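Structure first, commentary second.
The values are calculated or read from the model by the stated rules, or taken from the named source; none is laboratory data. A quick note: this is a predicted structure, and the numbers were derived from the prediction, not measured. Cβ coordinates were reconstructed from backbone atoms using ideal geometry, including for glycine residues, and neighbour counts include every protein chain displayed.
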Amino acid sequence: MFGALAALVILAVALLAPTVLAQALPSGKQMPAISFTTPDGADTHGDPYEWMLQPAFRKDLNKQMLRLTRVQDGPLRASSSFWPARAAIERYFEMGPNYAYVALLNDQALYLSYGRLFLTGRPGVFYDPIHHTPFAAPSLEGFSLSPDGRTLAVSVGDGGTEIAVVQFIDMKTGMVLEAEAGPIVVGGDMGFTWLTSQTGVFRKAATTSLVEGDPSVGAEWTLFDIASGTAGASVFGENAPGVETEFGDWFGFWVPAQSDRAMGYLWRGNFIDAYTTDLASLQAGTPTWQEIGSHFQLSDVEIYNNHYIMTAASGPGQSGLYALPVSGGHVRQVARAGRDVSYLYTISLGEIAYVAARKGDMHSLFRMTGDDLALEEVDLPFEGEIDFDSFFPVEGSETSVTFDMSSPGQPWQLLRLDAEGAAYAVNLPGLSRKDDLSDLAAVEHSTVFARSRDGTEVPLSITAPASQAGMPAPTIIHAYGSYGETTMAGWDPAALAWVSLGGVQAECHVRGSGYYGPSWHADGSGPDKRRSHEDMIACGEKLVQLGYSEPGQIAALGGSAGGLIAAPVALKRPDLFGAAIVEFGVVNPLRSLDGPNGATQIDEFGDPRIPEDAVLMAASDSVELARTAETLPDMFLCVGFQDSRVPHWMSARLAAVMAERGAGDQVVIHADADAGHSCGFYTEDQRDALAKQFAWLLDRFEE
């Protein structure tokens, strides 16, 4: 616990906090209270925090949030819980991957480690972006080898934003070439795809300013010539002929292995529209895009053995895996999905394709070979999570790939699949680790089921010391519950660090996630998150029933869209959830259209301009819930100022309302000026933010 001096500082923070956001006015100006009517029209009240939404006052808001962060930082670090938490976090994160994006080049490996590129067999750093970009805080987003293996494309991000540039490196000399493509938008991929060994396409950003809008909105894939360093025609995006787009669409691009066609992907919510064109017309700048699978809700399309291989959530029949001849013809179902199994992605290598699937929170992998497109399950070394961003073909092979895989008790391991589909660990100099994993044997991972209010059985995954049940401990329960995304049973160093400090970590697979496929997602999406909230509450009650925790000793954790669950359930049931940790969260969805990315979320969250949607969304709007809640829970809110997905003024408005109601000492703000959609840009800042969360929670629960 705190010493006497720290306790005095906490008292000072408690007295100061209500004034920092609740009563602060931008630039000393007297802002009038702006009338704001609740969605049902029953109440109209002045909103003194309307100024927080205005770009003209963003500097004032940032100044206040950073001030509060600095004031609260000292007492949190003075806690006797902080440094043990920081040490545990360091240990388990270092146990995890010290590499990512590994490409095998004959007997060498090119890999990314802590923001720099290394090549085994070559001493020192192969590429460090800090020496080659004007960015103050560059971040490597990924890399890709040219078809002839002579040139490396690296995507380098600008701080915490989604803006990046692509640089090119001569693999023989290690020299950075003069050509540079950008600005590009990254997110889910590196934003660049090779066409030939001298040409490619990059996703050109429509804007580089968060004030102007989300940089991904209106972005277009544009031709690029490496030799001349010049950009050419836009070939896929809003202006592409034959492609019907809507505001907020996200554009992806891919050239399948051993194919003379290119693929364009247009993301809308959790599904895509897929298009194809021949490479010749694409390279000429005049692609003729044709839609694929227009009667399906597609999640991925690849080309293998002269077929479009499609993973679909729904279509003319059961959801599953489908094949459509490239030359035209009838669609046939290759494999049928079930309630427990969802087919996700296809990776084509030329002679072999791999199909990824999810069963609950575990991944499976299948090989597809021959003209009959038959599937054969790959015998993986353990059950867990596969990092599909890490899939890399082995240089010169059409049958072998490398990828990362982990489980709750197994740190990320680089695996290689040979031509027969056998998986084995890759151990090369620079990639091998010697970790002491003996204490992981004392940690138990289990899945139980909580009965929600309507009788639905909700999966609840628990990570705790063995035999913890019956010995209540401080508990963190996480939920995301949007876009059909599922938190997988993989390596989670934050959870293990929390457990090593005596806590319990749980994952509630609420409706809105994809645990049981598209129907599970649909039951928790849209403006009505009531089912997701009831699922989360049921999971909390189950933890108490099993003896893992006690009422009021549970913290609800949610990040991004998870803010629609974590903060509301704590405000609705503060007797059960004594605290909420909300990381860059959506806590003010009724005002989402005032943010740069708001319009793209309508399909998932609802449209606040529609009265019926607005009434339902109000039940997930923590800013509105905090105005009338009888009891206010403790809140830890972390944000990044460069976030183009969820505006940080949402968290500021929630903190201000709580402070206005006399609960300013119950709110912690952790703001990072450089971070984007995260609690910190630099690795050390991210770990410090997590240690502050743990220390704050341990002290609050002990009090």
Next item on the list: Just need a number here: residues in region 676-693 that are farther than 14 Å from Gly585 by Cα and either part of a strand (DSSP E or B) or touching a Phe, Trp or Tyr at 6+ places or on another chain (Cβ under 6 Å) (or both).
Entry: 2
Check: Given the residues Ser27, Ser79, which is the only one that is of a type in the set (Ser, Thr, Tyr), at pLDDT 90 or above and either surrounded by fewer than 16 Cβ atoms within 10 Å (Cβ to Cβ) or over 28 Å from the mean Cα position of the chain (by Cα) (or both)?
Finding: Ser79
Checklist line | Hits in region 419-438 (condition: in a loop (DSSP other than H, G, I, E, B) and either touching a Leu at 6+ places or on another chain (Cβ under 7 Å) or at pLDDT 80 or above (or both)) | finding: Ala422, Val426, Leu431
Item checked: Complete set of residues in region 462-475 that are surrounded by fewer than 24 Cβ atoms within 10 Å (Cβ to Cβ), among the hydroxyl-bearing types (Ser, Thr, Tyr) and touching a residue at least 40 places away in the same chain (Cβ under 8 Å) -> Thr463
Note to self: Looking at region 626-634, can you tell me whether even one residue there is more than 25 Å from Thr69 (Cα to Cα), surrounded by fewer than 24 Cβ atoms within 10 Å (Cβ to Cβ), in contact with a Pro (Cβ under 8 Å, 6 or more places away or on another chain) and not small (Gly, Ala, Ser)?
What the structure shows: no
Next item on the list: Determine whether region 248-267 contains at least one residue that is within 25 Å of Thr600 (Cβ to Cβ), in a loop (DSSP other than H, G, I, E, B) and among the acidic types (Asp, Glu).
Entry: yes
Notebook entry, point to check: If you check Trp221 against the conditions, is it within 26 Å of Ile169 (Cβ to Cβ) and within 22 Å of the chain's Cα centre (by Cα)?
Noted result: no
Checklist line | Whichever residue in region 476-508 is out of contact with any helix residue (DSSP H, G or I) (no Cβ under 7 Å at 6 or more places or on another chain) and of a type in the set (S, T, N, Q) and, among such residues, is surrounded by the fewest Cβ atoms within 10 Å (Cβ to Cβ) | finding: Thr487
Notebook entry, point to check: Across region 384-403, which residue is modelled with the highest pLDDT among those that are assigned to a strand (DSSP E or B), of a type outside the set (Val, Ile, Thr) and closer than 27 Å to Val510 by Cα?
Noted result: Glu385
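To keep it simple, each residue is scored yes or no on (1) without any contact (Cβ under 8 Å) to a residue 12 or more places away in the chain; (2) surrounded by 15 or more Cβ atoms within 10 Å (Cβ to Cβ); (3) touching a Pro at 6+ places or on another chain (Cβ under 7 Å).
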site	(1), (2), (3)
Pro256	no, yes, no
Tyr265	no, yes, no
Ile292	no, yes, no
His295	no, no, yes
Glu302	no, yes, yes
Asn305	no, yes, no
Ala312	no, yes, no
Gly328	yes, no, no
Item checked: Hits in region 101-149 - residues which are within 22 Å of Asp189 (Cβ to Cβ) and of a type in the set (Lys, Arg) -> Arg116
Check: From the list Val623, Val639, which one is of a type in the set (A, V, I, L, M) and out of contact with any Leu (no Cβ under 9 Å at 6 or more places or on another chain)?
Finding: Val639
Next item on the list: For region 682-703, indicate whether the set of residues that are touching a strand residue (DSSP E or B) at 6+ places or on another chain (Cβ under 7 Å), among the basic types (Lys, Arg), in contact (Cβ under 8 Å) with a residue 24 or more places away in the chain and surrounded by fewer than 20 Cβ atoms within 10 Å (Cβ to Cβ) is non-empty.
Entry: yes
Notebook entry, point to check: Got a number for residues in region 161-187 being at pLDDT 90 or above, surrounded by 20 or more Cβ atoms within 10 Å (Cβ to Cβ) and in a loop (DSSP other than H, G, I, E, B)?
Noted result: 0
Note to self: So, in region 605-625, how many residues would count as being at pLDDT 95 or above and surrounded by fewer than 24 Cβ atoms within 10 Å (Cβ to Cβ)?
What the structure shows: 1
Check: How many residues are closer than 29 Å to Ala673 by Cα and among the hydrophobic types (A, V, I, L, M, F, W, C) if we restrict to region 94-140?
Finding: 10
Checklist line | strands (runs of 3 or more DSSP E) lying entirely in region 340-383 (those with 3 or more residues that are among the aliphatic types (A, V, I, L, M)) | finding: 341-348, 353-359, 362-369
Notebook entry, point to check: Scanning for something more than 30 Å from Gly640 (Cα to Cα) and among the small types (Gly, Ala, Ser), does region 240-248 turn up at least one residue?
Noted result: yes
Checklist line | Residue satisfying all of: in region 314-326; in contact (Cβ under 8 Å) with a residue 24 or more places away in the chain and in a strand (DSSP E or B); surrounded by the most Cβ atoms within 10 Å (Cβ to Cβ) among these | finding: Tyr322
Next item on the list: Kindly check whether there is at least one residue in region 451-461 that is at pLDDT 95 or above, among the acidic types (Asp, Glu) and surrounded by fewer than 18 Cβ atoms within 10 Å (Cβ to Cβ).
Entry: yes
Margin query: Given the criterion farther than 18 Å from Ala675 by Cβ and of a type in the set (Lys, Arg), identify the matching residue among Lys172, Lys63.
Written below: Lys172
